[in-house]
1. Over its Cα atoms, what ratio of radius of gyration to 2.2 N^0.38 Å does the stretch 435-482 give?
2. I'd like the chymotrypsin sites (Phe, Trp or Tyr not before Pro) in the stretch 108-184 restricted to DSSP loop residues with at most 14 other Cβ atoms within 10 Å, sorted by number.
3. Expressed as a rounded percentage, what relative contact order does the stretch 103-241 have, with Cα pairs under 8 Å and six or more residues apart?
4. Packing-wise, with mean Cβ within 10 Å as the measure, how do 393-401, 338-346, 228-236 rank, highest first?
5. State the three equivalent ellipsoid semi-axes of the chain, derived from the C-alpha gyration tensor as the square roots of 5 times its eigenvalues, in descending order and whole Å.
6. If the only charges are +1 at each Lys and Arg Cβ and -1 at each Asp and Glu Cβ, what is the size of the charge dipole of the stretch 255-422 around the Cα centre, to the nearest 20 debye?
7. Report the FRET efficiency, 1/(1 + (r/R0)^6), for Gln463 and Arg315, where r is their Cβ-Cβ distance and R0 is 45 Å, rounded to 0.05.
8. Mean separation of Cα pairs under 8 Å and 6+ residues apart, divided by the residue count of the chain: what relative contact order is that in percent?
Amino acid sequence: MRKSEFHPSEIPGKPGVYVYRDWSGKVIYVGKASNLRRRMSSYFQPSRLMRADAKLRSLINSIEDWSYEVVRTESEALILESRLIKDYAPYYNILMRDDKRYLLLKIDWSEPFPTLKLARLRKNDGAQYFGPFPNGGALRMTLEFLLAHFGLRACRDSNPDEETRKRCLKRIVKDCCAPCIGAVSAEEYRQRVERAVSVLEGNIGELTAVLKQRMGEAALEEKFEKAAHLRDIMTNLETVFGKKNRIFARPELPGSSPGHEAVRALADALGLEKPPVRIIGFDISNILGKLAVASLVAFKDGKPDKENYRRFRIRTVHQSDDFAMMHEVLTRHFGRLLEEKRPLPDLVMVDGGKGQLSSAIDALVEIGCPPLPVIGLAKRNEEIYLPGRSEPVVLDRHDPALRMLQALRDEAHRFAITYHRELRNKRIELSKLDEIPGIGSSRKRELLRTFGSLRSLKKATEQEIASRVPGIGDELAGKIYDALHKNATSDRQKS
């Protein structure tokens, strides 16, 4: 709404965030308020302009347009303000231009034994994030309690084993259920994690009842310090995760809300002729062009369709060029669909903005693919780019259509990252053979051809290696065995 159209009576007296823009539409200031009407009105009072310093006077004179968003609490306003400042970097928000970020909780479900960790940045790494949380002290204390209460690991190793256990302090105080040594099964450990995640989602009633009981027992035993500690934990639990105070819940996958609603909303937002029942999304994963891979994730009726997930090794691009990689993957996939006369999806989404979208369109045109809707979803401001349109489509962050696209994008990224990690780990394992004196490329190929894989080779005895592979005697077989069982060999020698 224009500055000249400002009417205080139309502004709600509620908490929220306001945004000021200049004549060109550029965001120049973002502010928060416990009462939007009172705060925004103050900028347009003549007396305020007379008393203002040079910086504030310049801001007020530069305001040509404004908007606001109502939120539930001042805490939510604080977080939204901080997020918008980091997105737009407004000129007049100098005082908040440091890179301070509120804490998040992160859980990486791709790890063998996932756990809760603190994070500052919400990365596009396939992990699940909760927050942000303004009260960092309460969050840290509550996290420490949750890890101990549910027996979750607190070690930094993504794949803990017996060596990790030897260095673990949790084993002394017996807070961890020790999945690293098989004290609990992977399934049981996951159940513990899921119960902890339920608390993060606001289901704290059962845990609060347990704390109240423990607090009462401690008070009866006159252990007042312990009772006070439990009281603080309970207060922090309500402050951080209670439903009244919880600011941002976990984004739901389309499958957990009506998928049809999201599909219809997306069709309306993009102006599609029919609802995109079958959507596929592509993502690229590489490190400076090395071990480059791509993923294809499919959604049907707004829900993940895992039977139609696909993953690709990049074959023709040998440098860090995501555009060329996207071109290769779409050419290969849709070329195969056309050759086999299989049905095409209703919508294609690529992770990225104009550049990625252009590469995708070029690939489809090159192979003579019939016209179909293709979009790009840019990460920074979640902008949706369409062919032939210079300006992106920007949807409300709560719009079910955007949430579905975000879920599709995040799932494609997770699937690509997982594949890239598998290849990287496999290369690291294979490099062990290169370090063995006497093993060249031909013997390496022969070993893998004979045993089928490095995993099978590791299971073989020294005698099996020597007898099954021509040209490898007992001495070299012993070196191979020792190299593949380095940790076990060193432990055996120490004992």
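Just so you know, all these numbers are worked out from the coordinates, no wet-lab data involved. These figures come from a predicted structure and were not determined experimentally. Quick reminder, even Gly has a Cβ in these numbers, built from the backbone with ideal geometry, and neighbours come from all protein chains shown.
1. So the Cα radius of gyration is 0.97 times the expected 2.2 N^0.38 Å.
2. Values: sites: Trp109, Tyr129, Phe130, Phe145, Phe150; in loops: Trp109.
Sparse-neighbourhood loop chymotrypsin sites (Phe, Trp or Tyr not before Pro): Trp109.
3. 23
4. 228-236, 393-401, 338-346
5. So the three semi-axes of the chain are 48, 37, 21 Å.
6. 480
7. So, using R0 = 45 Å, E works out to roughly 0.70.
8. 9
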